[in-house]
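Enquirer: Shown below is the structure under consideration.
The values are calculated or read from the model by the stated rules, or taken from the named source; none is laboratory data. Since the structure is predicted, the reported quantities are computational estimates derived from the model, not experimental observations. Quick reminder, even Gly has a Cβ in these numbers, built from the backbone with ideal geometry, and neighbours come from all protein chains shown.
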Amino acid sequence: MTAPTFTKRGDPQQIEWEVRCLDWLAAADDGAAVTQVIDWNDHELITARCSQITPPPQAAEEFGRALWATHQAGASAFGAAPDGWDATTPGWIGHARLQLGHYERWGEFYAELRLLPHARAAHEKGSLHADGMRIIERVCQRLRDGEFDDGRPPARIHGDLWAGNVLGDGDRYVLGDGDRYVMIDPAAHGGHGQTDLAMLALFGFGELRRIEDAYAEAAGLDQDWRDRTGLHQLHPLLVHAELFGGYYGEAAVETASRYA
C-alpha cells in the first residue's frame, strides 16, 4: 500500500524555504521527527501525511528530549539560515518575512532581527501604538546590552513551533510504541532553544508540561527558566501584530512591559 502524502502548492521561494528547513531539522542526530519530504519542484511540495492521532503521554516526554537533541545540532550563528538557503534572502514565518543574519550573541540577534522588524511593521500598520513601540525599544536595548544572554550557543530551532505545527503520528488503529509527535511547517534558523518551548506555550498544547519538563531536564535549564518565556514569545506576538493587528499588538506590549 502506498503511504499517504500531503501536497502543498505555493510560491517557488517559499516551497524551497520549507524544504531547506525540513531537511536541516531532519539532519539532527536523534532529533525530533519532522515530516518527510517526498518530492518537490518550483510550485509543489509533497510530504508524508501524518495520521493525526493522539500519542500516549510518554511520547510527549520523548518529544521534549528529542527537541533538545535537535537544538543541540546547532547552527553557525544566531540568525543563521538552514543549510542550502542563501542567508542574504529572508525566509518566512507564516506569511511574514523572516530576516536572517550572523550574530555571535543571542540578545543582539533577537532585538535586531526578531523584534524590531516586526514591531516597526506593526507600528506602521497601526496595530502597535507609539508608547508600545517605545516599550519594545527599551526591551531591545536591554537585549543588545546582553542582560538576557545566558551563554548558550546557537540552537537549531524550528522557529514556528505552535501547537498546530506538532502533529501526532502512528497507526491510527493501534496505539503503540511507534506513536510520536512530528513537526511540520518550520521557520528554522539559528536561535535560542527556549524560543520553541515559548511558542508551544503561547497558544497552548495538551501535553506541554510533560514536554517542558523532559526538555528542561535534558537541557539542564535553570530553575527560573520559565520566567523568560514571555520574552521569547514577543517575536510571535509581534509577527501576529504585523499580520493580524489589534489584540496581538496589545498582548505584545503587555508582555514586553515585564522585561523593559
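Enquirer: Among the residues in the range 206-218, are any under 14 Å from the mean Cα position of the chain (by Cα) and over 22 Å from E18 (Cβ atoms)?
Expert: no
Enquirer: Just need a number here: residues in the range 78-121 that are of a type in the set (S, T, Y), within 16 Å of Q233 (Cβ to Cβ) and modelled with pLDDT under 95.
Expert: 0
Listed here are the residues, each with its yes/no results for (1) farther than 25 Å from G146 by Cα; (2) in contact with an Asp or Glu (Cβ under 7 Å, 6 or more places away or on another chain); (3) modelled with pLDDT of 95 or more; (4) of a type in the set (K, R).
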residue	(1), (2), (3), (4)
A28	yes, no, yes, no
D42	yes, no, no, no
W68	no, no, yes, no
R134	no, no, yes, yes
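Enquirer: Shifting gears a bit: Against the definition (at pLDDT 95 or above, outside any helix (DSSP H, G or I), within 23 Å of R20 (Cβ to Cβ) and touching a Cys at 6+ places or on another chain (Cβ under 7 Å)), how does P153 come out, yes or no?
Expert: no
Enquirer: Looking at the range 102-114 only, could you name the residues that are of a type in the set (K, R) and part of a loop (DSSP other than H, G, I, E, B)?
Expert: The one that is of a type in the set (K, R) and part of a loop (DSSP other than H, G, I, E, B): R105.
Enquirer: If I ask for residues that are hydrophobic (A, V, I, L, M, F, W, C) and either touching a strand residue (DSSP E or B) at 6+ places or on another chain (Cβ under 7 Å) or farther than 16 Å from P117 by Cβ (or both), which ones from the range 130-159 would you list?
Expert: A130, I135, F148, A155, I157
Enquirer: Where the second residue is of a type in the set (K, R) and the first is touching a residue at least 40 places away in the same chain (Cβ under 8 Å) and lies in the range 46-61, which pairs have Cβ atoms under 7 Å and are six or more apart or on separate chains?
Expert: Once the first residue is touching a residue at least 40 places away in the same chain (Cβ under 8 Å) and sits in the range 46-61, its partners that are of a type in the set (K, R) give S51/R172; I53/R172; P55/R180; P57/R210; A59/R180; A60/R210; E61/R210.
Enquirer: Being more than 13 Å from the chain's Cα centre (by Cα) and either assigned to a loop (DSSP other than H, G, I, E, B) or of a type in the set (S, T, N, Q) (or both) narrows it down to one of G126, G132, so name that one.
Expert: G126
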